[in-house]
Amino acid sequence: MNPFTYHTPETQQEVLTLLHEHGDETKLMAGGTALVIMMKQRLVLPETLISLHRLRGLAEVQEIDGALHLGALLTHRAAETSPLLRTRLPVLAETYRRVATIRIRNVATVGGALAHADPNQDPPVTLLALDARVQLASVGGSREVPLVDFFTDYYETVLRPDELLTAIRVPLPQPHTGSAHVKFLPRTADDYATVGVAATVRLDPATETCQDCRIALGSVGSTPLRALQAEAVVRGQRLTPELLREAGAVAQQQTDPISDTRGSADYKRAMAGVFVRRALEQAWQQALTAAR
Ligand SMILES: Cc1cc2nc3c(=O)[nH]c(=O)nc-3n(C[C@H](O)[C@H](O)[C@H](O)COP(=O)(O)OP(=O)(O)OC[C@H]3O[C@@H](n4cnc5c(N)ncnc54)[C@H](O)[C@@H]3O)c2cc1C
């Protein structure tokens, strides 16, 4: 690794001031599970490293005004085991449980996972399907960005060099909503997904049609993505096997995967169609069961 200056601030204000003073040559370190690897590979060479491990107050889960707020420094393990998350948003708790191994989950943070912006990660997919927003702070103030606008390219986001991601806000689903996350893992259980899909379906209980839905995919492009055209296929309809197949086929067209050790681009595209169908089916069945 290159030589760097190491800071361990204890307050958010100190972090923001350091970011403001050191700018582009600075990196924040939360769990360090992604950053240290990138530094060792010399893919990032920060002159200043700001560790967040002494910072307090950004690692809670709270329910505020119909949404869960996840502090950026919450670890994946704390998210996975949070009673509030498990009760109110079980699909998200389960998604965090599917990340890597328990050793990684014990230190990797929910904010670090989004800021890292690897399109193969799991939590962004479910958070997109849940219509989450991220809260960003700098010395100039704070802003909230819908997650759908947050990722811009491989490992790139709209985060400015002087900004700290402070929280993720996830609206609680409306009544009669089912949700599912499926992770296609043909290799080992702790691997990144070959394809990951999350879906939410809101049912109109009177007609048993889909009032609204959101579909998100990971590992099939330069960012996690929303399958907006496939959502349009499903909205307002009763979910028949034919319609689910059509939604899968439409979602597939929106993907642009690369070939790698987890599968060829063609294979991933085909699997995207299959797993969109399965995620929708699971979410749909959950909504139906809850409504009947
Ligand atoms: C062996 C291994 C297996 C893995 N398998 C999976 C998997 O199956 N599924 C999956 O989803 N992920 C997987 N991951 C990725 C893992 O989820 C990420 O490494 C982790 O989420 C990053 O979080 P962190 O807190 O360690 O971030 P760090 O490594 O500390 O930081 C990552 C990036 O985010 C920035 N950053 C961190 N916190 C903030 C903040 N609050 N505000 C602004 N910027 C910030 C850092 O500057 C850095 O650029 C795996 C990682 C490893 C090492």
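Structure data summary
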read-out: Computed helical MRE - 222 nm, the chain, DSSP H runs ≥ 4 contributing -39500 (n - 2.57), nearest 500; value: -10000 deg cm²/dmol
read-out: Those trypsin sites (Lys or Arg not before Pro) in the range 1-108 that DSSP places in a loop and that have at most 13 other beta carbons within 10 Å; value: Arg42, Arg54, Arg56
read-out: Simple Cβ-charge dipole of the range 17-93, Lys/Arg +1 and Asp/Glu -1, about Cα centre, in debye nearest 20; value: 360 debye
read-out: 3J(HN,Hα) from dihedral phi, the range 248-263, Karplus parametrisation 6.51/-1.76/1.60, rounded to Hz, x for glycine, proline; value: x, 5, 5, 4, 3, 5, 7, 8, 8, x, 10, 7, 7, 5, 8, x
read-out: For Thr152, distant residues with modelled amide H under 5 Å away; value: Thr157, Val158
read-out: Whole-Hz ³J(HN,Hα) from phi, Karplus 6.51 cos²θ - 1.76 cosθ + 1.60, for the range 209-220, glycine and proline x; value: 10, 7, 6, 7, 7, 9, 10, 10, 10, x, 6, 10
read-out: Nearest-0.05 FRET efficiency for Asp212 and Gln41, computed from C-beta distance (R0 51 Å); value: 0.75
read-out: Cα-centre dipole for the chain with unit charges at Cβ (Lys and Arg positive, Asp and Glu negative), debye to 20; value: 900 debye
read-out: Cα-based Kirkwood hydrodynamic radius, the chain, one decimal, Å; value: 19.5 Å
read-out: Kirkwood estimate for the range 135-187, i.e. one over the average of 1/r between Cα atoms, Å; value: 14.0 Å
read-out: Relative contact order %, the range 20-145, counting alpha carbon pairs below 8 Å whose residues are six or more apart; value: 20 percent
read-out: Extension reserve of the Leu288-Leu84 stretch, reckoned as 0.36 nm per residue once the Cα distance is removed; value: 71.1 nm
read-out: log₁₀ of I(q)/I(0) at q = 0.13, 0.18 Å⁻¹ - the range 127-252, Debye sum with one point per alpha carbon; value: -0.64, -1.05
read-out: Cα centre as origin, Lys/Arg/Asp/Glu Cβ charges: the range 1-52 dipole, Debye; value: 320 debye
read-out: For the chain, built as a Gaussian network whose Cα springs stay under 10 Å, the top-fluctuating residue of Thr87, Thr33, Thr200; value: Thr87
read-out: Pairwise FRET efficiency - Glu156 versus Arg245, Cβ, R0 = 45 Å, nearest 0.05; value: 0.85
read-out: Sites Thr261 and Glu14, calculated FRET efficiency, Cβ-Cβ separation with R0 30 Å, nearest 0.05; value: 0.15
read-out: Global form of the range 66-145, assessed from the alpha-carbon gyration tensor, a/c cut-off 1.5; value: prolate
read-out: Whether the range 2-102 is rounded, prolate or oblate, judged on the alpha carbon gyration tensor where a/c under 1.5 counts as rounded; value: oblate
read-out: Mean Cβ count within 10 Å, highest first, over the residues of peptides 186-198, 252-264; value: 186-198, 252-264
read-out: Gain upon complete extension [Gln237, Ile104; 0.36 nm per residue less C-alpha separation]; value: 43.8 nm
read-out: Dipole axis of the chain (+1 Lys, Arg; -1 Asp, Glu on Cβ), positive-most option in Val148, Ile258, Ala117; value: Ile258
read-out: From phi via Karplus (6.51, -1.76, 1.60), per-residue ³J(HN,Hα) for the range 172-184 in Hz, x at Gly/Pro; value: 6, x, 6, x, 6, 10, x, 9, 8, 10, 10, 10, 8
read-out: Listed residue (Pro205, Ala227, Thr194) projecting farthest to the positive dipole end of the range 162-234, Cβ model; value: Thr194
read-out: Amide H contacts of Thr166 (H built 1.01 Å from N, under 5 Å, at least 5 apart or other chain); value: Gln135, Leu136, Ala137
read-out: Average accessible surface area per residue within the chain, 1.4 Å rolling probe, Å²; value: 46 Å²
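The values are calculated or read from the model by the stated rules, or taken from the named source; none is laboratory data. Predicted, not measured: the structure shown is a model, and the values here were computed from it. Cβ atoms come from the backbone with ideal geometry, glycine included; neighbour counts cover every protein chain shown. The protein model used for the area step is the full one, side chains on, heavy atoms only, and it has no ligands, DNA or RNA in it. Shrake-Rupley method; radii C 1.70, N 1.55, O 1.52, S 1.80 Å.
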